[in-house]
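Chemist: Dropping a structure here in structure tokens format, bear with me for questions.
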Amino acid sequence: MRIAIIGSGNVGKALATAATKAGHHVTLSARSPEKAREAAQATKSHAASSNRDAVKDAELVVLAVPADKVDEVIGSLSPELDGKVIIDVTNRIDTNDPGKVLDGSSMSEHIQKKAPKAHVVKAFNYAFASRMAEPKVNGTRLDGFVAGDDESAKQKALQFVESIGFRPIDAGPLAMARSLEGMGLLNVLLQIQNNWPWQSGWKLTGPTGDKE
Ligand SMILES: NC(=O)c1ccc[n+]([C@@H]2O[C@H](COP(=O)([O-])OP(=O)(O)OC[C@H]3O[C@@H](n4cnc5c(N)ncnc54)[C@H](OP(=O)(O)O)[C@@H]3O)[C@@H](O)[C@H]2O)c1
């Protein structure tokens, strides 16, 4: 698949590494072309000169920027995003007042409103970047939940999630991004509370149809 990743930080680089390893064609962008070039070199992917340049031929666009930069990025890209599948990995984190974030909304639904002709799905936000690069723990694939309203966009995202090593799980409509974002927040809060090493992701156990 031709994949554009906007944002060349922890998540952008982890997903670029995993995606190139899986044989995808990955183009990375960042705020500056130099930063994109550095990240592309480190991840064996391609650097774009701008976000617009990155998305123009992409089948999948991964939005890997801080939540408070989303409006700026989406605003500068429309109408380029029309018809594209956007994988939203963003989390809003408020460690002092988690209730502020758990307000019944989601970043993904917000993005879908900002880019109404794109097909937004939520994925990956519930795992740390280190796990996106290596989604297997002791031989077990972590769960790769994907929520979205457009069926073919969701199938494409599930294929991508599986190709880099997660167990693909259809998590339902885009409104379920609210739950997935809650899982992302909980993952962060647990690291802080327990002094864990920021390497966890989620695995639903019991009979869930997984043979591994
Ligand atoms: N880190 C994790 O383990 C993790 C896990 C799950 C979800 N998330 C979510 O994933 C998103 C990215 O997290 P991260 O840890 O990768 O953050 P990060 O390391 O701070 O990287 C964010 C990247 O976005 C870039 N950026 C900011 N504004 C941009 C713009 N207008 N155009 C293009 N690029 C822009 C930044 O560029 P500069 O470097 O130039 O500022 C930086 O490269 C966040 O929403 C976070 O909540 C993170």
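The values are calculated or read from the model by the stated rules, or taken from the named source; none is laboratory data. This structure is a prediction, so every number in the text was calculated from the model and none was measured. All Cβ positions, glycine included, derive from the backbone under ideal geometry; neighbour counts span all protein chains shown.
One line per residue, one yes/no per condition, for (1) within 19 Å of Asn138 (Cα to Cα); (2) surrounded by 19 or more Cβ atoms within 10 Å (Cβ to Cβ):
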{"residue": "Gln159", "(1), (2)": "no, no"}
{"residue": "Ile169", "(1), (2)": "no, yes"}
{"residue": "Gly172", "(1), (2)": "no, no"}
{"residue": "Leu185", "(1), (2)": "no, yes"}
{"residue": "Leu189", "(1), (2)": "no, no"}
{"residue": "Gly201", "(1), (2)": "yes, yes"}
{"residue": "Gly209", "(1), (2)": "yes, no"}
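Chemist: Further question on the same structure: Name every residue in segment 103-126 that is crowded, with 20+ Cβ neighbours inside 10 Å, farther than 14 Å from Asn91 by Cα and out of contact with any Gly (no Cβ under 8 Å at 6 or more places or on another chain), in order of residue number.
Modeler: Listed by number, the residues that qualify are Gln112, Ala115.
Chemist: Another question, if that's okay. Residue pairs, Cβ under 9 Å, 6 or more apart or interchain, first in segment 58-75 and in contact (Cβ under 8 Å) with a residue 12 or more places away in the chain and in a strand (DSSP E or B), second among the hydroxyl-bearing types (Ser, Thr, Tyr) and near the ligand (Cβ under 8 Å from one of its atoms). List them.
Modeler: Close Cβ pairs (under 9 Å, with a partner that is among the hydroxyl-bearing types (Ser, Thr, Tyr) and near the ligand (Cβ under 8 Å from one of its atoms)) amount to Leu63/Thr90.
Chemist: Among the candidates Gly12, Gly99, single out the residue that is assigned to a helix (DSSP H, G or I), modelled with pLDDT of 95 or more and within 10 Å of the ligand (Cβ to nearest atom).
Modeler: After applying the criteria, what remains is Gly12.
Chemist: Looking at (1) buried (at least 24 other Cβ atoms within 10 Å of the Cβ); (2) out of contact with any Asp or Glu (no Cβ under 6 Å at 6 or more places or on another chain), which is the only condition Leu63 fails?
Modeler: (2)
Chemist: So which pairs qualify, if the first residue must be in segment 149-165 and farther than 19 Å from Glu109 by Cα, the second must be in a helix (DSSP H, G or I) and among the charged types (D, E, K, R), the Cβ gap must be under 8 Å, and the two must be at least 6 apart or on different chains?
Modeler: Ile164/Lys21
Chemist: I've got another one for you. Please enumerate the residues belonging to segment 21-34 that are within 12 Å of the ligand (Cβ to nearest atom) and surrounded by fewer than 17 Cβ atoms within 10 Å (Cβ to Cβ).
Modeler: Passing the criteria: Arg31, Ser32, Pro33, Glu34.
Chemist: Still on this model: Please determine whether any residue of segment 49-57 is more than 20 Å from Ala153 (Cα to Cα) and in contact with a Pro (Cβ under 7 Å, 6 or more places away or on another chain).
Modeler: Checked against the condition, which is being more than 20 Å from Ala153 (Cα to Cα) and in contact with a Pro (Cβ under 7 Å, 6 or more places away or on another chain), segment 49-57 yields at least one hit.
Condition check ((1) touching a helix residue (DSSP H, G or I) at 6+ places or on another chain (Cβ under 9 Å); (2) of a type in the set (A, V, I, L, M, F, W, C); (3) assigned to a helix (DSSP H, G or I)) across all residues:
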| position | (1), (2), (3) |
| --- | --- |
| Phe160 | yes, yes, yes |
| Ser179 | no, no, yes |
| Leu185 | yes, yes, yes |
| Ile192 | no, yes, yes |
| Pro197 | yes, no, no |
| Ser200 | yes, no, no |
| Lys203 | no, no, no |
| Thr208 | no, no, no |
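Chemist: Tell me the residue from Glu72, Glu38, Glu59 that is more than 12 Å from the ligand (Cβ to nearest atom), of a type in the set (D, E, K, R) and either more than 22 Å from Ala127 (Cβ to Cβ) or in contact with a strand residue (DSSP E or B) (Cβ under 8 Å, 6 or more places away or on another chain) (or both), please.
Modeler: Of Glu72, Glu38, Glu59, the one residue that is more than 12 Å from the ligand (Cβ to nearest atom), of a type in the set (D, E, K, R) and either more than 22 Å from Ala127 (Cβ to Cβ) or in contact with a strand residue (DSSP E or B) (Cβ under 8 Å, 6 or more places away or on another chain) (or both) is Glu59.
Chemist: Applying the selection to segment 76-93, what residues are assigned to a loop (DSSP other than H, G, I, E, B) and exposed (fewer than 13 other Cβ atoms within 10 Å of the Cβ)?
Modeler: Those that are assigned to a loop (DSSP other than H, G, I, E, B) and exposed (fewer than 13 other Cβ atoms within 10 Å of the Cβ): Pro79, Asp82, Gly83.
Chemist: Within segment 78-95, take every residue that is touching a residue at least 40 places away in the same chain (Cβ under 8 Å) and under 15 Å from Ala54 (Cα atoms) and give me the one that is nearest to the ligand (Cβ to nearest atom).
Modeler: Filtering segment 78-95 for residues that are touching a residue at least 40 places away in the same chain (Cβ under 8 Å) and under 15 Å from Ala54 (Cα atoms), the one nearest to the ligand (Cβ to nearest atom) comes out as Ile87.
Chemist: Hey, does segment 47-54 have a residue that's more than 14 Å from the ligand (Cβ to nearest atom) and either hydroxyl-bearing (Ser, Thr, Tyr) or not in a helix (DSSP H, G or I) (or both)?
Modeler: Looking through segment 47-54, none of the residues is more than 14 Å from the ligand (Cβ to nearest atom) and either hydroxyl-bearing (Ser, Thr, Tyr) or not in a helix (DSSP H, G or I) (or both).
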